[in-house]
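Read the structure below first, then the notes.
Read-outs: derived from the displayed coordinates by stated rules, not from any lab. For clarity, every value in this text was computed on a predicted model and none was experimentally measured. Here Cβ is always computed from backbone atoms with ideal geometry, including for glycine, and neighbour counts include all displayed protein chains.
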Amino acid sequence: MPGAARPWLFVGVIVALAVALGAVAVIGWRGSDAPSGAASGPLAVVLLPDVGRSTLVVVDLRTGAVARRVALRSTATDIAVDASSGLVVAAQSGGFGPDVDSAASLTDVRTGAVRYVELPVIDPGDVVCAGGRAFLLHSVVEASGTVFSAVDIASARLAGTGNVPGPPGQWGSAGGAVWTTGEGPGGGRLLCRIDPATLSMSSFALGTMRPMGLAESAGRPVVLGSDRVGAAAVIDPLDGSLETSVSVPGLLQAPRRAVQVGARFAVGDWSGDEPEGRALRLLDAVTLHDLGPLRVDGIPCALAAWGERLLVVDREGGRLLVIDPSSGRVLSSTDLGEPGLVFSEVVVVGAGG
Amino acid sequence: MYRIIRVASLAALALLVLPQAAFGLTKPFVAPHPDRAPAEAQMTASLSALEDASLSYDALASLSGGGSGGTNAIAFTSLYDSDIVVVLDPSSVTGHAGLFDRSHYTGISSYSVLSANISPSNGVQYEKCAKYRLYEWAYALRVPQEVGHRVAVRDYAARQLRKPYSVFASKTDLKSFYCSKLAWVAYRNVTGIDLDGDGGFWVWPVDLILSDYTSVVGRWS
């Protein structure tokens, strides 16, 4: 019978090894800072510009916990999300002089993997996604206008470059196209539509409104800005004509940023200048009729939508707030770890939830 | 040569931020800094010099850049057209300078500062205001005796858009620019005044602060 203990000893060793390997795997998994349930759930991605190197803070929207922080190679000034791949694209603007950058970063926020696409021109400052491509607006002005770069997201390669008339203006996407504001030869304000597939451009006169932001509501571009008072103008996405224009009351400054949240259109006025408001304005997403104010516990400097919920970055407190716009109730608040943000942006990945 | 420039510039910057400048909008004392023409300046083909990576990197790193210190809260809404923005931080030595264009300003996300950034071509550009907040200190300078010319100065600077960047070209070479030179040239050629506080080959951003013609109308950290 002495030999009968050997099989049990063998089994014991195997079990012990399995337990040890399991422990190592768990420790390694935690050490990589991988999100637990966030692998497939909805995520908010917040840009913290920082100084020298920006950070993407990935928040698991189901738990409100920070799931991951992704350090980028330089200062990024804007982010956008590609709906089909879920990749987050950042405009890697960098600093001045030798610190300037000329890249788009493509981040898989579920794994933390980052790829950089080098651009032929320095200083990309704004980015939007449309038609499987990322479009980046540069600070560089050529003879035919401000330079933009198009990056094919699937292949992570430069798809082309183009120019928009005049100095760099507002930059946005709506109705499957890229939109920007520019200046004509006589100084007249223009609204330009860029076809994401062909990079061809159409220009339309913008009238007297001074554009300060571009957003999308009900599939149409909305120009935000000032026309004596704060205003929002809905544009026909096909011919660039004005569909309707409304005054936006109750904000300290003219509107500059907005997002559609279900049937509502949440409008903010954060410009980076004082006075900084603590309220947003809710409009009807289709008619833009005023629905009243939405008080925010903080300074709303960046907005995004997660289904029927509104995501707000509070610049002052360095928090991501999830708000029910129908009641104004804060559903969750996530500390981003850095109060007093210089500026920020937020996007949602996997918004199905 | 550039090591000397860096050391001297760091000393100048250290003096710049001494407590003597802590109150009001008085001008800080700045120690003399290098201002003799570099050997590279003899190379009239400045673009070819820029293509020499080892040469250009050292030169450019010693003269501009930065953005690894703190942040500032510069209030762009308080600025006029052609006010000069100078940003500094411990790593940048001389920092960066630009000329404000109020007509294009809609918030810190807008591109409203005319300056020159490293680009072999198209160096003069409209820079995004938000980037100017990513420095530890920001100064706003105004030229009080020339406020009547501020639109003309701004427009002159805007007409230099697309011209290449070079730190090796002299101040009077109008074919290429570096950041503080754009503001200097715009005022020099429109109003006739020389904003270089200490003369010499280069006009550094700190020279614009030190000029007898400029007033510090804002300082943020």
- Task: Name the residue, out of A:Val229, A:Val58, A:Val88, whose mean-square fluctuation peaks in a Gaussian network model built on chain A with Cα pairs under 10 Å.
- Result: A:Val229
- Residue among A:Ile299, A:Val178, A:Gly350 farthest towards the positive dipole end of chain A, charges placed on Cβ: A:Gly350
- Task: Identify which of A:Ser40, A:Ser74, A:Ser54 has the largest mean-square fluctuation in a Gaussian network model of chain A, with springs joining Cα atoms closer than 10 Å.
- Result: A:Ser40
- Task: Please build a GNM for chain A, connecting alpha carbons under 10 Å apart, and tell me which residue among A:Ala90, A:Ala205, A:Ala143 fluctuates the most.
- Result: A:Ala143
- Straight-line reach from B:Lys181: which aspartates and glutamates have Cα under 15 Å away, leaving out those fewer than 8 places along the same chain? B:Asp35, B:Asp83, B:Asp173, B:Asp194, B:Asp196, B:Asp198, B:Asp207
- For region A:338-348, in order, what is each residue's ³J(HN,Hα) by Karplus, 6.51 cos²θ - 1.76 cosθ + 1.60 with θ = phi - 60°, in whole Hz (x at glycine and Pro)? 7, x, x, 5, 5, 6, 7, 9, 9, 9, 10
- Scan around B:Gly218 for amide H atoms under 5 Å from its own, H built in the peptide plane at 1.01 Å from N, and keep only partners 5 or more places away or cross-chain. B:Ala140
- Task: Could you please state, rounded to a whole Å, how far the C-alpha centre of region B:119-150 is from the C-alpha centre of region B:195-221?
- Result: 12
- Task: Kindly write out, for region A:72-81 in residue order, the coupling ³J(HN,Hα) from the Karplus curve 6.51 cos²θ - 1.76 cosθ + 1.60 (θ = phi - 60°), rounded to whole Hz, with x marking Gly and Pro.
- Result: 9, 6, 7, 5, 10, 10, 6, 9, 8, 10
- For n ≥ 4 DSSP H runs only, could you compute -39500 (n - 2.57) per run for chain A, divide by its residues and tell me the 222 nm figure to the nearest 500? -2500 deg cm²/dmol
- Message: Skipping prolines and chain starts, which residues have an amide H placed within reach, meaning under 5 Å, of the one on B:Phe201, given they are 5 or more residues away or on another chain?
- Response: B:Arg36, B:Ala37
- Message: Need the full-extension length gain, A:Ser40 to A:Thr244, defined as separation in residues times 0.36 nm minus the C-alpha distance. One decimal, nm.
- Response: 69.5 nm
- Estimate the FRET efficiency between A:Asp290 and A:Glu118 by the formula 1/(1 + (r/R0)^6), using the beta-carbon distance for r and 60 Å for R0, to the nearest 0.05. 0.85
- Calculate one ³J(HN,Hα) per residue across region A:147-158 by plugging θ = phi - 60° into the Karplus curve 6.51 cos²θ - 1.76 cosθ + 1.60, and present them in order as whole Hz with x for glycine and proline. 7, 10, 10, 10, 10, 6, 6, 4, 9, 6, 10, 5
- Message: I'd like the distance between the alpha-carbon centres of region A:192-245 and region A:116-170, rounded to an integer number of Å.
- Response: 19
- Message: For chain A, take the longest principal axis of its alpha carbons; what is the angle in degrees between that and the long axis of helix A:5-31, to the nearest 10 within 0 to 90?
- Response: 20
